[in-house]
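A.B. asks: One structure coming up, written as structure tokens, with questions to follow.
The values are calculated or read from the model by the stated rules, or taken from the named source; none is laboratory data. Since the model is a prediction, treat every value here as computed from it, not as a measurement. Glycine gets a Cβ as well: all are built from the backbone with ideal geometry, and neighbour counts include every protein chain shown.
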Amino acid sequence: MAQPSPLDPNEAPLSDELAAERVEQSENEALQDDENLAFDDRMQLNADFIWSVDEEINNGDESEVRRLCADLRPADLADLIEQLPDDSRGQLVQMLGENFSAETLAELVYDVRDSVIGSMPTEQLAEAIAELDTDEAAFVIGDMSDEDRAEVLAEMPVADRLALQAALDFPEDSAGRMMQREVFAAPSFWTVGQIIDRLRSAEELPDLFYEVFVVDPAFKVIGSVALSRFLKAPRDLKIVDLMVDDIFRVRVDQDQEEVAYLFEKYNLISAPVVDAGDRLVGMITVDDVVEVVRDETGEDMLALAGVAQDEHGTSLSVPKIARSRFVWLCINLGTAILASFVISFFDATIAQVVALAVLMPIVASMGGNAGTQTLTVAVRNLATRDLTPANALRVVGRETAVSFINGVAFAVLLGVTAGFWYQTLGGGGPGEGVILGCVLAAAMIITMLAAGLSGILIPLTLDRFGADPAVSSAVFVTTVTDITGFFAFLGLAALFLVG
């Protein structure tokens, strides 16, 4: 027998409870549909969704804005704020009110976070920061001005204020700044059962932790137990009999890049942070390290292009972007003038063989690209410590061999092509095409060798003297390849083709 449809007029009336349940189910399905429409196939916010939110903000429909944003995670809400127009960001935060997640502040890029913080009342901002772990709170409040920071700290509970002030005393890129002070530790004589009871009764625990650290009476870390191992142990077993004493400790003053390297090399998920007296003061978890790796990688990528580190967002103003790029463009202008100065020595040669002016950009361009390839690999290997003084000579030899092989290959290709073109179409005299091809081939080999050597030796030298290879290397490598390419090509042409 067929079942009646929901719209069948002969169907029995629904009870109040069943009707309410169906209404709630329909609302949940509608919310789920809205959430699905909010993201594209790459789990990124859909442009239509962003425009809808912006439209409702401009209409002043607070309830609709809250409904649209109700199911967004903090990271997704941060993406939404970053993609909204400047004047809509503060309005969105005000409309969300108590529904604005404090974790969103830690997910925002610097310039957007600064504008959002400026739109929030001091009391609301202090309450939001107090909800964060100390590492995220220090990250957010550390970028504020001294005056604004003092106002926010004054509104926070004493315990949170003292913890934040202690974190801010450490250097910005140190383990002390990135660690979270909320940590669970147990004395060595406690049993598994005692620790479980303590975990269940403790009011303040880290939001996320993977290990129980074991400490002695002086609060020095003597071992750790992974939660997966801890939960399988009998209640009467002492934690000292379960712990692993061969653990990696992070010094509170250790640079965050060194911490990230330690986590990557030894596949750590968390590590205790100790002070000068080897006492436990906090912990670092893998999610903090992922952010460091992402930030450091982004900084190196931007630095190689001569772009300021704070340009990774899309909301910087035009004057700020222009100022940040102006310095590096000036440096590049200086190197270009230097290369032009080299060309000026051979103006008579170029005047006699106009084909040189056509071909010399090819030599410099190939050298520049080859140098950039070697430089990029070298900077990455230095950052990951795959390139060290112990294997530097071997790597230099490898890059020299690669540059020579590529130089010979392109020398043959370009030499034959240029010689044939000059002899048949360029108006060259008898045999001049062959000479030009040989000159171009020799210059290509010299330039490619110079590109490979400078691409590896310059970052190694800068790193040896404590400079950041990602920031300075590109300018030096470009200068070397341009000058070497022009000098080799035009010099050889002056010797063998003109006179």
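A.B. asks: Mind listing whichever residues of the stretch 362-411 are in a loop (DSSP other than H, G, I, E, B) and either of a type in the set (A, V, I, L, M) or more than 30 Å from VAL293 (Cβ to Cβ) (or both)?
C.D. replies: Matches in the stretch 362-411: LEU387, ALA390.
A.B. asks: Evaluate the stretch 94-111: report whether one residue or more is over 21 Å from the mean Cα position of the chain (by Cα), hydroxyl-bearing (Ser, Thr, Tyr) and under 30 Å from PRO319 (Cα atoms). Break it down stepwise before answering.
C.D. replies: Taking the stretch 94-111 and keeping what is over 21 Å from the mean Cα position of the chain (by Cα), we get 94-102.
After this cut, where a residue has to be hydroxyl-bearing (Ser, Thr, Tyr) as well, the list is 101.
Still in the list and also under 30 Å from PRO319 (Cα atoms): none.
Within the stretch 94-111, not a single residue is over 21 Å from the mean Cα position of the chain (by Cα), hydroxyl-bearing (Ser, Thr, Tyr) and under 30 Å from PRO319 (Cα atoms).
A.B. asks: Given the structure, is GLU56 over 27 Å from ALA137 (Cβ atoms), at pLDDT 80 or above and among the charged types (D, E, K, R)? Can you show your working first?
C.D. replies: Numbers: over 27 Å from ALA137 (Cβ atoms): yes; at pLDDT 80 or above: yes; among the charged types (D, E, K, R): yes.
In short, yes.
A.B. asks: Also: Test each condition in (1) free of Cβ contacts under 8 Å to residues at least 60 places away in the same chain; (2) touching a Ser or Thr at 6+ places or on another chain (Cβ under 7 Å) for VAL112 and report the one that comes out false.
C.D. replies: Tallying (1) free of Cβ contacts under 8 Å to residues at least 60 places away in the same chain; (2) touching a Ser or Thr at 6+ places or on another chain (Cβ under 7 Å), VAL112 fails exactly one: (1).
A.B. asks: So, one more: Here is a check on your reading of the model: is VAL65 under 19 Å from ILE141 (Cα atoms) and not in a loop (DSSP other than H, G, I, E, B)?
C.D. replies: no
A.B. asks: Test THR388 against the stated conditions and say whether it is of a type in the set (S, T, N, Q), over 17 Å from ALA450 (Cβ atoms) and touching a residue at least 12 places away in the same chain (Cβ under 8 Å).
C.D. replies: Working: of a type in the set (S, T, N, Q): yes; over 17 Å from ALA450 (Cβ atoms): yes; touching a residue at least 12 places away in the same chain (Cβ under 8 Å): no.
Taking the combined requirement at face value, the residue does not satisfy it.
A.B. asks: Specify which of the listed residues (VAL396, VAL412) is assigned by TED's automatic domain parsing to the domain that holds ALA442, in contact (Cβ under 8 Å) with a residue 40 or more places away in the chain and closer than 30 Å to ALA378 by Cβ.
C.D. replies: Every option except VAL396 fails the conditions.
A.B. asks: Does the stretch 181-200 include one or more residues that are within 17 Å of VAL140 (Cβ to Cβ) and either touching a Lys or Arg at 6+ places or on another chain (Cβ under 9 Å) or surrounded by 14 or more Cβ atoms within 10 Å (Cβ to Cβ) (or both)?
C.D. replies: Scanning the stretch 181-200 turns up at least one residue that is within 17 Å of VAL140 (Cβ to Cβ) and either touching a Lys or Arg at 6+ places or on another chain (Cβ under 9 Å) or surrounded by 14 or more Cβ atoms within 10 Å (Cβ to Cβ) (or both).
A.B. asks: Name the single residue that is modelled with the lowest pLDDT among those in the stretch 96-111 being in contact with a Leu (Cβ under 9 Å, 6 or more places away or on another chain) and assigned to a helix (DSSP H, G or I).
C.D. replies: The residue in question is ASP111.
A.B. asks: Determine whether LEU387 is at negative phi, out of contact with any His (no Cβ under 6 Å at 6 or more places or on another chain) and modelled with pLDDT under 90.
C.D. replies: Here the answer is yes, as LEU387 does meet what is asked.
A.B. asks: Let me ask something additional. From the list PHE139, PHE49, which one is under 24 Å from MET283 (Cα atoms), among the aromatic types (Phe, Trp, Tyr) and assigned to a helix (DSSP H, G or I)?
C.D. replies: PHE139 is the lone residue from the list that is under 24 Å from MET283 (Cα atoms), among the aromatic types (Phe, Trp, Tyr) and assigned to a helix (DSSP H, G or I).
A.B. asks: Of everything in the stretch 445-478 that's of a type in the set (S, T, N, Q) and at pLDDT 90 or above, which residue is farthest from LEU359 (Cα to Cα)?
C.D. replies: THR461
A.B. asks: Mind listing whichever residues of the stretch 390-427 are closer than 18 Å to VAL363 by Cβ and crowded, with 19+ Cβ neighbours inside 10 Å?
C.D. replies: SER403, ASN406, GLY407, PHE410, ALA411, LEU414, GLY415, ALA418, GLY419, TYR422
A.B. asks: In the stretch 50-75, what residues are charged (D, E, K, R) and either in contact with an Asp or Glu (Cβ under 8 Å, 6 or more places away or on another chain) or farther than 28 Å from VAL318 by Cβ (or both)? First the steps, then the outcome.
C.D. replies: Taking the stretch 50-75 as the starting set, the residues that turn out to be charged (D, E, K, R) are 54-56, 61-62, 64, 66-67, 71, 73.
The answer is GLU56, ASP61, GLU62, GLU64, ARG66, ARG67, ASP71, ARG73.
A.B. asks: Can you tell me which of LEU205, LEU227 is surrounded by fewer than 20 Cβ atoms within 10 Å (Cβ to Cβ) and either closer than 24 Å to PHE139 by Cα or touching a Pro at 6+ places or on another chain (Cβ under 6 Å) (or both)?
C.D. replies: Step by step, each of LEU205, LEU227 is checked, and only LEU205 is surrounded by fewer than 20 Cβ atoms within 10 Å (Cβ to Cβ) and either closer than 24 Å to PHE139 by Cα or touching a Pro at 6+ places or on another chain (Cβ under 6 Å) (or both).
A.B. asks: Taking the stretch 340-361, which residues are touching a residue at least 60 places away in the same chain (Cβ under 8 Å), closer than 22 Å to ALA450 by Cα and part of a helix (DSSP H, G or I)?
C.D. replies: Scanning the stretch 340-361 gives VAL342, ILE343, LEU356, LEU359, MET360.
A.B. asks: Which of (1) over 30 Å from MET243 (Cβ atoms); (2) under 29 Å from the mean Cα position of the chain (by Cα) does ALA166 not meet, given it meets every other one?
C.D. replies: It fails just one condition, (1).
A.B. asks: Of the residues MET144, MET95, which is without any contact (Cβ under 8 Å) to a residue 60 or more places away in the chain, more than 23 Å from ASP48 (Cβ to Cβ) and surrounded by 14 or more Cβ atoms within 10 Å (Cβ to Cβ)?
C.D. replies: Numbers: MET95 fails: more than 23 Å from ASP48 (Cβ to Cβ).
After ruling out the rest, the residue left standing is MET144.
A.B. asks: Of all residues in the stretch 431-476, which are within 23 Å of THR417 (Cα to Cα), touching a residue at least 40 places away in the same chain (Cβ under 8 Å) and not in a helix (DSSP H, G or I)?
C.D. replies: Matches in the stretch 431-476: none.
A.B. asks: Here's something else I'd like to know. What number of residues within the stretch 267-312 are modelled with pLDDT under 90 and either of a type in the set (Ser, Thr, Tyr) or within 30 Å of ILE331 (Cα to Cα) (or both)?
C.D. replies: 21
A.B. asks: Which count do you get for residues in the stretch 460-475 that are among the aromatic types (Phe, Trp, Tyr) and buried (at least 19 other Cβ atoms within 10 Å of the Cβ)?
C.D. replies: The total comes to 0.
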